[in-house]
């Protein structure tokens, strides 16, 4: 049966551990601001980016991040995802991701301000990969 074969193949696959940096890379914040300026005013994007730089790091599973963001997982052969998978294979730490919380009552999805490719790469290794994240809420005035 194909399903059993896939399960056996996964069981025999070499376990790969994703290493994570303690803090996001400095270049992640301008990248997050660039994305956020597409979904918010420049002033709000600046506020959110500043909050992300000060936010504590929390852990979230790859599968939950993608579901909350309502995003599809990119394929492993996507150039950026493949690059992140190569880093993992070489034991290089990945940068924590930057998130803006969604709002269930407003039907607003979680925003991956920076790190979508890292989330997808981590999911390819295991949907239960715990990913360090900086997570902030929109300021109440913006809601």
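Annotations
- From 101, 51, 134, 61, residue being at pLDDT 95 or above, within 13 Å of the chain's Cα centre (by Cα) and surrounded by fewer than 18 Cβ atoms within 10 Å (Cβ to Cβ): 61
- When 5, 29 are checked against the criterion of being surrounded by 11 or more Cβ atoms within 10 Å (Cβ to Cβ) and either part of a helix (DSSP H, G or I) or at pLDDT below 95 (or both), a single residue qualifies: 29.
- Taking first residues from the stretch 33-48 that are more than 11 Å from residue 100 (Cβ to Cβ) and partners that are part of a helix (DSSP H, G or I), the Cβ contacts under 6 Å between residues at least 6 apart in sequence or on separate chains come to 33/45; 33/49; 37/45.
- Per this entry, residue 82 is counted among residues that are more than 21 Å from residue 22 (Cα to Cα), surrounded by fewer than 21 Cβ atoms within 10 Å (Cβ to Cβ) and at pLDDT 95 or above.
- Take the conditions (1) surrounded by fewer than 17 Cβ atoms within 10 Å (Cβ to Cβ); (2) at pLDDT below 95; (3) over 25 Å from residue 124 (Cβ atoms); residue 17 misses just one of them, which is (3).
- Checked against (1) farther than 16 Å from residue 17 by Cα; (2) modelled with pLDDT of 95 or more, residue 109 passes all but condition (2).
The values are calculated or read from the model by the stated rules, or taken from the named source; none is laboratory data. A quick note: this is a predicted structure, and the numbers were derived from the prediction, not measured. As a convention, Cβ positions derive from the backbone with ideal geometry for all residues, glycine included, and neighbour counts pool all protein chains shown.
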